[in-house]
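Remarks on the structure that follows.
The values are calculated or read from the model by the stated rules, or taken from the named source; none is laboratory data. Please read all numbers here as calculations on a predicted model, not as lab measurements. Every residue, glycine as well, gets a Cβ built from its backbone with ideal geometry; the counts of neighbours run over all protein chains shown.
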Amino acid sequence: MSRFSTVRFSLKARLMFIIGSITALLMLLISVGILSQWRTMIVGNLRQNAEGVTRAIAISLTDAFLYGDEEDPPLEDLLERYIRNYASTITGLTHIAVIDNSGRILAHSDHAQYGRVVTDSLAVASGRTDRLITAILESPHHGWVIETVQPLRIAGKRWGVVRVGFSAESTRAEIRSLFILLVALTTLVTTVTLLVLYLLIGRLTDSLHELVLLMDRTGLEADDPVPVPRRNDEVGFLLQHFGLLRQRLSQSRRELLGVHAQIARAEKLASIGRLASGVAHEINNPLHGIKNCLYAIEREPDNQKQITTYLPLIREGMEYIETVVQKLLGFARQQPASMQDVDLQEVLSKVLRLLDYNIRRKHTTCTLTVEPDVPIIRGDPQLLSEVMMNLVLNAVDAVGNGGLITLRCCRAGENRVLIQVQDNGVGIPEEHLARIFDPFFTTKGPKEGTGLGLSVALGVVETHGGIIRVSSTPGHGSTFVVELPVGEERS
Amino acid sequence: MHTRILYATAIFAAFLLTAVVTIVVYKTTTDIGSPFPPVTAFSARDSSLAGRQVVYIGVVSRYPPPVIYQGYQPILDYLNTGSRFRFELRLGRTYQETVEQLIRGDVAAAFLGTYIYVRAHERFGVRCILMPLNENGQPFSRSVLITVAGSPIRGIADLRGRRVALPSQDSFSGNWLPLSEFPRYGLVGETRPTFRYFSHHQSVVYQVLRGTFDAGVVKERVAREFLDRNIRIVLSSDPIPGSPLVVRGDADTAVTNELRDVLLRLDVRRPDDRALVAQWDQEFQYGFTRASDADYDGIRRLLHVQRGQAR
């Protein structure tokens, strides 16, 4: 019985893992891409706004330098006025400072900074260029700040720089919110994808499981169509074709059984042919006796004493012939295979009786030993007789005059019996051992064998759930061992 | 069991990796200071000026200060190149203030107007050393009468009863019509147009554009700037000597000579020099020539007319 739980790397787990990983990775890449683009855009806007405002402020402050007077009003006063105005009107401004070319603060939104000389990296950088410089940094006082430095200059005349700081906290919060949103979306999409995937793959594997169960409970011998669930997908297609495959296998098996039956019949006929000479001799002797008796009676029809003596002999001869013919008919009769109780002692004895002439003709000694604990087994006595007949006939053919054939039947374990046919004949060459059970394989002449005997014997034994083993030493003989199950009802 | 441990390990590793990537992305994304600041590719500023003797050059207030810096600072940058002096601009709020700066020695030289120079020469003995050339290579310039493009004014005669905007009273443009043209066309007494002086030439143009005044007089160089903004030149003055670069009578010869030599060295026929002067005020984009006081005699005669009228 197949169970999916015994599958080591299940399709479901692999698909979930692979597709889940790919989905998560793709979502991650997409999210990072979107986040990067939006971040660039948001920070770009922040920068653009800061730079725009700073440039506008710089124009005004440059005018202050142009029009400011050292006395009326003093330049610093004018700058102070401008800065206070910017600080009160521009939203998000954290600080604004006007710094001269030597780095001294001329005006600042924080009065504590007045007169201080600025020497930080931004001041150094701005001192080296006439372009606007922008930096985003984390300030201990204002958090994230975007700071711009714009030189106050016209043509080559430069009065200093204006440094303007704008809070970038809202921008950072916006990016953080975007990040959280994308993480949530990624998690949601991945989870939903995995869930849908889990359900779909579950459905698929359930269908496969169903198919496996169907295969398990479907016997090839059964001719009745197994109900296949109707589905319109690939699984349905698979189920449908499994049904067709089963039908083809069933058909093939029927054909194979038919062929086997034909082979068995052919082999039986061949065996009958080989029996014929023995049977003829069995019949011929009493016939001769009957003939002689009849001849004597005809010669002396009035000899009542002779008639009285010969008629019982004639009857006895006739009855013997009748017995032989009945035995032959019994062997040749086509009977359907039927499982019944089989006494192996009886089967083996009957076979030896049938082959008595063949054995005696070659002056062969044949012994039969059946152990007392051999049980009655379940099987077809006719088929088993054929198997034994073939094995003993092969042994008779293998041994020379005065050869020895030993039949032994014993129990092999709790539920099996073993029948051994051993001879001291010519043996089987090693290169033939692997082929002796092949149909039509024979080393005998055309009129001596069909090459089907052992093949049929193997088929019969396997049909009974048994096995045949063979061992042979060329020049010293062969041993065939048939091992049969006792059968469920007898075990 | 082994398979389950394998799957559990893989899932745990995936979660761990995801967590690490998430944290890294968070840190990277919310660090908005990166990749700022883009402080790269500085254009090196000239620090060689430090320590040099500062010499101030004055400019009369003919234009707004930004315009003066835009047009005159490049001239000073040129003068500063290779000089042992550091020339700086010092602007006057009036024409007179620049003359006073020159006389006081606050400025070593000054770009004066033609008219104010003649008067300053008479009063303080200042002397002109250079005057600019025009596009024809001649040391002359002109003042022009302007109106808006659709104005019916076609000449001086049409100005009768009209309002005319004029630049500084100390400039030639501010005196050309009142001293020379109005009397010539009989626009005197009640027929004389009403006029008003403004600080800068550009202010005159804006007044005309706004329609506050029917016409105005400006330097030709200023009028040309506004030709594409609905301004039309109605009349040009006779050529007058260009606005001179003036020094005091007892000026330091070293400064005077350097100014003269460096500016006369310019030859706008050379591509390098032509590219250099492209950023200068249009009045000086064709170079300079030596100036002598006699070049301004024509203006001096106009001044005499004014004095005659005053008497």
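Using the structure shown, decide if B:R162 is surrounded by fewer than 21 Cβ atoms within 10 Å (Cβ to Cβ), among the basic types (K, R) and touching a Pro at 6+ places or on another chain (Cβ under 7 Å). Considered against the rule, which asks whether it is surrounded by fewer than 21 Cβ atoms within 10 Å (Cβ to Cβ), among the basic types (K, R) and touching a Pro at 6+ places or on another chain (Cβ under 7 Å), B:R162 comes out as yes. Can you say whether B:Y95 is over 21 Å from B:P167 (Cβ atoms) and not assigned by TED's automatic domain parsing to the domain that holds B:S199, as far as the supplied structure shows? The answer is no for B:Y95. Checking B:D281, B:D297, B:D293 one by one, the residue that is at pLDDT below 95, within 14 Å of another protein chain (Cβ to nearest Cβ) and under 30 Å from B:A165 (Cα atoms) is B:D281 and no other. Restrict the check to region B:125-134 and report whether at least one residue is in a loop (DSSP other than H, G, I, E, B), modelled with pLDDT of 90 or more and among the basic types (K, R). Within region B:125-134, not a single residue is in a loop (DSSP other than H, G, I, E, B), modelled with pLDDT of 90 or more and among the basic types (K, R). For region B:201-231, the set of residues classified as over 17 Å from the mean Cα position of the chain (by Cα) and either of a type in the set (V, I, T) or buried (at least 18 other Cβ atoms within 10 Å of the Cβ) (or both) consists of B:Q207, B:V208, B:T212, B:F213, B:D214, B:A215, B:G216, B:V217, B:I231, listed by residue number. Hey, does region A:144-165 have a residue that's without any contact (Cβ under 8 Å) to a residue 40 or more places away in the chain, more than 9 Å from every other protein chain (Cβ to nearest Cβ) and either of a type in the set (D, E, K, R) or surrounded by fewer than 18 Cβ atoms within 10 Å (Cβ to Cβ) (or both)? No, region A:144-165 contains no residue that is without any contact (Cβ under 8 Å) to a residue 40 or more places away in the chain, more than 9 Å from every other protein chain (Cβ to nearest Cβ) and either of a type in the set (D, E, K, R) or surrounded by fewer than 18 Cβ atoms within 10 Å (Cβ to Cβ) (or both). Across region A:182-214, the number of residues qualifying as surrounded by 13 or more Cβ atoms within 10 Å (Cβ to Cβ) and closer than 28 Å to B:V25 by Cα comes to 11. Per the listing B:L259, B:L263, B:L235, B:L302, the residue uniquely under 30 Å from B:R154 (Cα atoms), in contact (Cβ under 8 Å) with a residue 12 or more places away in the chain and outside any strand (DSSP E or B) is B:L302. Applying the criterion of at least 1 residues that are modelled with pLDDT under 90 to the strands (runs of 3 or more DSSP E) found wholly in region B:1-118 leaves B:53-59, B:85-91.
One residue stands out among those in region A:116-132 that are closer than 14 Å to A:G156 by Cα and of a type in the set (K, R): the one that is nearest to the other protein chains (Cβ to nearest Cβ), which is A:R128. Taken over region B:71-82, the criterion of being closer than 24 Å to B:R104 by Cα and either touching a residue at least 40 places away in the same chain (Cβ under 8 Å) or more than 10 Å from every other protein chain (Cβ to nearest Cβ) (or both) is satisfied by B:Y72, B:I75, B:L79. Give just the number: which of (1) surrounded by fewer than 18 Cβ atoms within 10 Å (Cβ to Cβ); (2) more than 28 Å from A:S170 (Cα to Cα); (3) more than 10 Å from every other protein chain (Cβ to nearest Cβ) does A:S60 not satisfy? Against the list (1) surrounded by fewer than 18 Cβ atoms within 10 Å (Cβ to Cβ); (2) more than 28 Å from A:S170 (Cα to Cα); (3) more than 10 Å from every other protein chain (Cβ to nearest Cβ), A:S60 comes up short only on (2).
In region B:2-30, the residues that are more than 10 Å from every other protein chain (Cβ to nearest Cβ) never reach a residue that is surrounded by fewer than 10 Cβ atoms within 10 Å (Cβ to Cβ) and in a helix (DSSP H, G or I) with C-beta atoms less than 9 angstrom apart, at least six apart or across chains. On the given criteria, is B:D238 of a type in the set (D, E, K, R), within 26 Å of B:A108 (Cβ to Cβ) and within 25 Å of the chain's Cα centre (by Cα)? No.
A quick yes/no check of all residues on (1) at pLDDT below 90; (2) closer than 15 Å to B:Y63 by Cα:
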{"site": "B:V164", "(1), (2)": "no, no"}
{"site": "B:P167", "(1), (2)": "no, yes"}
{"site": "B:S173", "(1), (2)": "no, yes"}
{"site": "B:W176", "(1), (2)": "no, no"}
{"site": "B:Y185", "(1), (2)": "yes, no"}
{"site": "B:V188", "(1), (2)": "yes, no"}
{"site": "B:S199", "(1), (2)": "yes, yes"}
{"site": "B:Q202", "(1), (2)": "no, yes"}
{"site": "B:Y206", "(1), (2)": "no, yes"}
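On inspection, A:T406 does not qualify as more than 21 Å from A:L458 (Cα to Cα) and among the polar types (S, T, N, Q). Listed by position, the strands (runs of 3 or more DSSP E) contained in region A:98-170 that have at least 2 residues being of a type in the set (F, W, Y) and either more than 60 Å from the chain's Cα centre (by Cα) or within 23 Å of A:Y82 (Cβ to Cβ) (or both) are A:157-167. How many residues are of a type in the set (S, T, N, Q) and either in contact (Cβ under 8 Å) with a residue 24 or more places away in the chain or within 28 Å of A:G451 (Cβ to Cβ) (or both) if we restrict to region A:232-262? So the count comes out to 4.
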